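Please read the structure below before turning to the comments.
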Amino acid sequence: MDVEVLGHLGHRYYSRGARVLRDASPAQLAELVAEVCSVSGSDDPSWWTSLVVSRTDVPDGLELVVAPGTGYVALAWTGTQQRSLNPDPFTDAPLLARDGADDPPMYWRRNSYLPSGTAKAAVAQYLATGRQPSSVQWQTYGWDVHQLPDWLTAEMPEYEFFHLIEQ
C-alpha cells in the first residue's frame, strides 16, 4: 500500500507526488502517524500543519489540522467532509482559519479538535482499513465564523454549515 501526504506539515509543503511512502511498512506508517499528528517543533501561531493523508488504493483520505501550542488535532473525512467531534471540547481550542482567501474568515470548528492520542489512533485506523475511522465521533461539515458571508442567505442549504461565534 502507498500513502501520500499533501499540504503543509509545519513549515514544509508537499505537493502531489512529493511525499509518497511506497509499500509502507508498519514501522513507516507508525512514524508517519506520529509525524503528522505532532506540532512539528514550532509554537509559531502563524504556521500549523494542514494536510491530507491518503492511501492511493482508496478514493478518500483524512484531512488533519494540528494546532500550534496545544497540539490538538482536528480531522475531516474527505469523502463526506464530516469533521471530527470532541463531545467534551477544549476550553482553549484555537481558531485556525481554513485559508487566507475567505472573506470573512472561516475557522475550523472548535469542537472538532481532539487530543493528539485520539487523532493518532484515528489516522492509524484509516491507514489500516482505508475507511473512515470509527474510533472518533463525527459531525456535519461546517465552520465557525464571526460574521456570515455576504452571499449567504438563510434560505440557502449552505446556511446550516456556518456556526456564528462571538468576537
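Every number in this text was worked out from the coordinates using simple rules, so none of it is lab data. Since this is a predicted model, take the numbers as computed values, not measurements. Note that each Cβ is placed from the backbone with ideal geometry, even for glycine, and that neighbours are counted across all protein chains shown.
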Worksheet, complete the sentence: Filtering the range 68-100 down to residues that are aliphatic (A, V, I, L, M) and not in a loop (DSSP other than H, G, I, E, B) yields Val73, Ala74, Leu75, Ala76, Leu85, Ala97
Discussion item. Of the residues Gly61, Gly79, Gly7, only one is exposed (fewer than 15 other Cβ atoms within 10 Å of the Cβ), out of contact with any His (no Cβ under 9 Å at 6 or more places or on another chain), of a type in the set (Gly, Ala, Ser) and under 30 Å from His163 (Cα atoms); which?
Written reply: Gly79
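Rundown of residues vs (1) among the basic types (Lys, Arg); (2) closer than 12 Å to Trp143 by Cα, yes/no style:
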{"position": "Gln81", "(1), (2)": "no, yes"}
{"position": "Thr91", "(1), (2)": "no, no"}
{"position": "Pro105", "(1), (2)": "no, yes"}
{"position": "Arg109", "(1), (2)": "yes, yes"}
{"position": "Ala121", "(1), (2)": "no, no"}
Worksheet item: Looking at Val39, Val53, Val65, which one is of a type in the set (A, V, I, L, M), closer than 26 Å to Gly142 by Cβ and in a loop (DSSP other than H, G, I, E, B)?
Response: Val39
Worksheet item: Taking only pairs six or more apart or across chains, which ones have beta-carbon atoms under 8 Å, a first residue in the range 121-135 that is of a type in the set (Val, Ile, Thr), and a second residue that is assigned to a loop (DSSP other than H, G, I, E, B)?
Response: Val123/Cys37; Val123/Pro133
Worksheet item: Does Pro89 satisfy the condition of being free of Cβ contacts under 8 Å to residues at least 60 places away in the same chain, out of contact with any strand residue (DSSP E or B) (no Cβ under 8 Å at 6 or more places or on another chain) and not polar (S, T, N, Q)?
Response: no
Practice prompt. Could you tell me whether the range 101-118 includes any residue that is outside any loop (DSSP other than H, G, I, E, B), surrounded by fewer than 13 Cβ atoms within 10 Å (Cβ to Cβ), over 13 Å from the mean Cα position of the chain (by Cα) and free of Cβ contacts under 8 Å to residues at least 24 places away in the same chain?
Written response: yes
Practice prompt. Six or more apart or on different chains, Cβ under 7 Å: which pairs go from a residue in the range 56-84 that's among the acidic types (Asp, Glu) to one that's surrounded by fewer than 23 Cβ atoms within 10 Å (Cβ to Cβ) and part of a loop (DSSP other than H, G, I, E, B)? Could you list them?
Written response: Asp57/Met1; Asp57/Gly130; Asp60/Thr78; Asp60/Gly79; Glu63/Thr78
